[in-house]
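The values are calculated or read from the model by the stated rules, or taken from the named source; none is laboratory data. Quick caveat: nothing in here was measured; it's all calculated off a predicted structure. Here the Cβ is made from the backbone with ideal geometry for all residues, glycine too, and neighbour counts use every protein chain on show. Remember, those area values only see protein heavy atoms, side chains included, never the ligands or the DNA or RNA. Shrake-Rupley method; radii C 1.70, N 1.55, O 1.52, S 1.80 Å.
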Amino acid sequence: MKHWVFLLVAALLEIVWAIGLKYTHGFTRLWPSVATITAMITSLYLLAQATRGLPIGTAYAVWTGIGAAGTALLGMIVLKEPATVARILCVALIVSGVVGLKLFTPNTGA
(Lines give C-alpha, C1' and ligand atoms only; values in the text may rest on other atoms or scores of the structure.)
Protein backbone atom coordinates (compact mmCIF):
# COMPACT_ATOMS: atom_id res chain seq x y z
CA MET A 1 0.00 0.00 0.00
CA LYS A 2 2.87 2.40 0.74
CA HIS A 3 3.93 2.31 -2.91
CA TRP A 4 0.49 3.54 -3.96
CA VAL A 5 0.76 6.36 -1.40
CA PHE A 6 4.17 7.33 -2.81
CA LEU A 7 2.65 7.27 -6.27
CA LEU A 8 -0.35 9.40 -5.29
CA VAL A 9 1.84 12.05 -3.64
CA ALA A 10 4.21 11.98 -6.62
CA ALA A 11 1.28 12.53 -8.97
CA LEU A 12 -0.10 15.39 -6.88
CA LEU A 13 3.32 17.02 -6.97
CA GLU A 14 3.33 16.58 -10.73
CA ILE A 15 0.21 18.72 -10.83
CA VAL A 16 1.94 21.29 -8.60
CA TRP A 17 4.97 21.58 -10.83
CA ALA A 18 2.99 21.57 -14.06
CA ILE A 19 0.82 24.46 -12.85
CA GLY A 20 3.92 26.04 -11.33
CA LEU A 21 5.50 26.27 -14.77
CA LYS A 22 2.94 28.93 -15.65
CA TYR A 23 4.04 31.07 -12.71
CA THR A 24 7.80 30.77 -13.39
CA HIS A 25 7.45 32.80 -16.61
CA GLY A 26 10.04 30.64 -18.33
CA PHE A 27 12.07 30.23 -15.14
CA THR A 28 12.68 33.99 -14.93
CA ARG A 29 10.97 34.38 -11.53
CA LEU A 30 13.09 33.04 -8.67
CA TRP A 31 10.67 31.73 -6.02
CA PRO A 32 8.09 30.21 -8.34
CA SER A 33 11.02 28.56 -10.16
CA VAL A 34 12.50 27.21 -6.90
CA ALA A 35 9.10 25.83 -5.84
CA THR A 36 8.51 24.27 -9.26
CA ILE A 37 11.93 22.63 -9.44
CA THR A 38 11.56 21.34 -5.87
CA ALA A 39 8.18 19.81 -6.74
CA MET A 40 9.70 18.24 -9.88
CA ILE A 41 12.58 16.62 -8.00
CA THR A 42 10.37 15.39 -5.17
CA SER A 43 7.77 14.06 -7.60
CA LEU A 44 10.37 12.06 -9.53
CA TYR A 45 11.95 10.75 -6.32
CA LEU A 46 8.57 9.53 -5.04
CA LEU A 47 7.77 7.99 -8.44
CA ALA A 48 11.06 6.10 -8.23
CA GLN A 49 10.16 4.88 -4.74
CA ALA A 50 6.73 3.76 -5.96
CA THR A 51 8.33 1.68 -8.73
CA ARG A 52 10.10 -0.40 -6.10
CA GLY A 53 6.78 -2.13 -5.44
CA LEU A 54 4.67 -1.44 -8.54
CA PRO A 55 5.12 -2.36 -12.19
CA ILE A 56 6.82 0.51 -14.05
CA GLY A 57 4.11 0.61 -16.71
CA THR A 58 1.37 0.99 -14.12
CA ALA A 59 3.28 3.48 -11.98
CA TYR A 60 4.23 5.72 -14.89
CA ALA A 61 0.79 5.60 -16.48
CA VAL A 62 -0.95 6.42 -13.19
CA TRP A 63 1.57 9.20 -12.44
CA THR A 64 1.11 10.84 -15.82
CA GLY A 65 -2.64 10.20 -15.84
CA ILE A 66 -3.27 11.86 -12.49
CA GLY A 67 -0.87 14.62 -13.43
CA ALA A 68 -2.52 15.24 -16.79
CA ALA A 69 -6.08 15.10 -15.47
CA GLY A 70 -5.30 17.21 -12.42
CA THR A 71 -3.40 19.79 -14.43
CA ALA A 72 -6.18 20.03 -17.00
CA LEU A 73 -8.83 20.45 -14.29
CA LEU A 74 -6.82 23.05 -12.36
CA GLY A 75 -6.10 24.83 -15.63
CA MET A 76 -9.84 25.14 -16.14
CA ILE A 77 -10.54 26.20 -12.54
CA VAL A 78 -7.53 28.30 -11.56
CA LEU A 79 -6.19 29.54 -14.89
CA LYS A 80 -9.63 30.00 -16.46
CA GLU A 81 -8.87 27.77 -19.43
CA PRO A 82 -11.88 26.64 -21.49
CA ALA A 83 -14.02 24.04 -19.69
CA THR A 84 -15.86 22.51 -22.60
CA VAL A 85 -17.88 19.32 -22.40
CA ALA A 86 -15.39 17.61 -24.71
CA ARG A 87 -12.41 18.55 -22.51
CA ILE A 88 -14.19 17.38 -19.35
CA LEU A 89 -15.14 14.06 -21.02
CA CYS A 90 -11.52 13.55 -22.08
CA VAL A 91 -10.35 14.15 -18.51
CA ALA A 92 -12.95 11.62 -17.34
CA LEU A 93 -11.48 9.07 -19.77
CA ILE A 94 -8.02 9.63 -18.31
CA VAL A 95 -9.38 9.19 -14.78
CA SER A 96 -11.19 5.99 -15.76
CA GLY A 97 -7.92 4.61 -17.16
CA VAL A 98 -6.08 5.44 -13.92
CA VAL A 99 -8.80 3.75 -11.85
CA GLY A 100 -8.67 0.72 -14.12
CA LEU A 101 -4.91 0.41 -13.69
CA LYS A 102 -5.30 0.58 -9.92
CA LEU A 103 -8.04 -2.06 -9.93
CA PHE A 104 -6.26 -4.47 -12.25
CA THR A 105 -2.68 -4.21 -10.97
CA PRO A 106 -1.74 -7.33 -9.02
CA ASN A 107 -0.47 -6.90 -5.49
CA THR A 108 3.27 -7.50 -5.72
CA GLY A 109 3.62 -7.96 -1.98
CA ALA A 110 6.51 -5.48 -1.93
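Brief remarks follow.
- Taking the longest Cα principal axis of the chain as reference, the axis of helix 2-24 is set at about 10 degrees.
- Packing around the peptides 82-89, 12-19, 99-106, taken as the average count of other Cβ atoms within 10 Å per residue, puts them in this order, highest first: 12-19, 99-106, 82-89.
- Folded to 0 to 90 degrees: helix 30-50 orientation relative to the chain principal axis, Cα: 10 degrees
- Computed helical MRE - 222 nm, the chain, DSSP H runs ≥ 4 contributing -39500 (n - 2.57), nearest 500: -27000 deg cm²/dmol
- The residues of the chain present an accessible area of 61 Å² per residue when probed at 1.4 Å with all protein chains retained.
- Only Lys, Arg, Asp and Glu carry charge here, each on its Cβ (+1 for the first two, -1 for the last two); on that basis the chain has a dipole of about 60 debye about its Cα centre.
- Surface composition of segment 14-110: carbon and sulfur atoms hold 74% of the protein heavy-atom accessible area at a 1.4 Å probe.
- Across the chain, Cα pairs under 8 Å and at least six residues apart give a relative contact order of 31 percent.
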